[in-house]
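Trainee: Sharing a structure with you now.
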Amino acid sequence: MEGLTERTLAAYVNARASMRRELDGWRSEAQLLFYLILACFLWFVAGLPFAIYGKEVAAGTPLAGALAARLFGTVILLPFVMYALAAISRNISRIFGGTGTYMNARLALFWAFIAAMPAILALSVIGALSIILFGFSPGIVGVSVGLVQFCVILGFWSACLAEAEDFNNEARVLVFMLSPLMLGFLLHLTI
């Protein structure tokens, strides 16, 4: 049996096959919760450079307060949001003919989050170095890195959800996931 690190890195070769192995080697709801809490903690770690150099600390908020708020948001609140997002994605998938389960939808989202973590952490290091070494604005770097991180997570999630729900094409799943964002952007342009 491969370890978590090997399985995570295998997702970069073929995300759907990685998700299939996770579905086939499924253990329990406790494993799902472990994946989620681990991913949320790593997300907290990835955000540390932006918390330290961010506008909260620059505006006079104590560093400990900024870090405590970030820890609370990522490790306590984010899991609830992720569970709700997985349930919403399952309900929408069912409308479009998905054959998975709620547990499969949770695994797809949480595994995508875990699989994206190496890239997310690397992007955070690059962002931190660009702030420290080159003096770029933490706000601009934070938004840029966050956008790329969001795209990485979305790419993995679309592949994992397509596998979990037995959809043939993850590109359609990705387009469907992006459609609310595109609609919001178009509405923003008209206002």
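The values are calculated or read from the model by the stated rules, or taken from the named source; none is laboratory data. For clarity, every value in this text was computed on a predicted model and none was experimentally measured. Cβ sites come from the backbone with ideal geometry, for glycine too, and all protein chains shown count toward neighbours.
Trainee: Condition test on SER179, is it hydroxyl-bearing (Ser, Thr, Tyr), part of a helix (DSSP H, G or I) and over 16 Å from LEU85 (Cβ atoms)?
Mentor: No; evaluated as a whole, the condition is false for this residue.
Each row is one residue, and each column tells you yes or no for (1) under 30 Å from GLU163 (Cα atoms); (2) modelled with pLDDT of 90 or more.
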site: PHE34; (1), (2): yes, yes
site: LEU38; (1), (2): yes, yes
site: GLY47; (1), (2): yes, no
site: GLY54; (1), (2): no, no
site: PHE72; (1), (2): no, yes
site: MET82; (1), (2): yes, yes
site: ALA115; (1), (2): yes, yes
site: LEU123; (1), (2): yes, yes
site: LEU133; (1), (2): no, no
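Trainee: Please specify each residue of segment 120-142 satisfying the condition of being crowded, with 18+ Cβ neighbours inside 10 Å, closer than 19 Å to LEU42 by Cβ and of a type in the set (Gly, Ala, Ser).
Mentor: Scanning segment 120-142 gives SER124, GLY127, ALA128, GLY142.
Trainee: Write out, first by first residue and then by second, each pair whose Cβ atoms fall under 6 Å of each other, whose residues are 6+ apart or on separate chains, and whose first residue, in segment 110-134, is within 21 Å of TYR83 (Cα to Cα) while the second is of a type in the set (Phe, Trp, Tyr) and surrounded by 19 or more Cβ atoms within 10 Å (Cβ to Cβ).
Mentor: What qualifies is PHE110/TYR35; ALA112/PHE156; ALA112/TRP157; ILE114/TYR35; ALA115/PHE156; ALA116/PHE156.
Trainee: Scan the helices (runs of 4 or more DSSP H) fully inside segment 1-109 and keep the ones with 2 or more residues being surrounded by 12 or more Cβ atoms within 10 Å (Cβ to Cβ) and within 17 Å of the chain's Cα centre (by Cα).
Mentor: 4-10, 15-24, 29-53, 63-71, 78-95
Trainee: For segment 147-166, which residues satisfy the criterion of being surrounded by fewer than 21 Cβ atoms within 10 Å (Cβ to Cβ) and either without any contact (Cβ under 8 Å) to a residue 12 or more places away in the chain or hydrophobic (A, V, I, L, M, F, W, C) (or both)?
Mentor: LEU147, VAL148, PHE150, CYS151, VAL152, ILE153, LEU154
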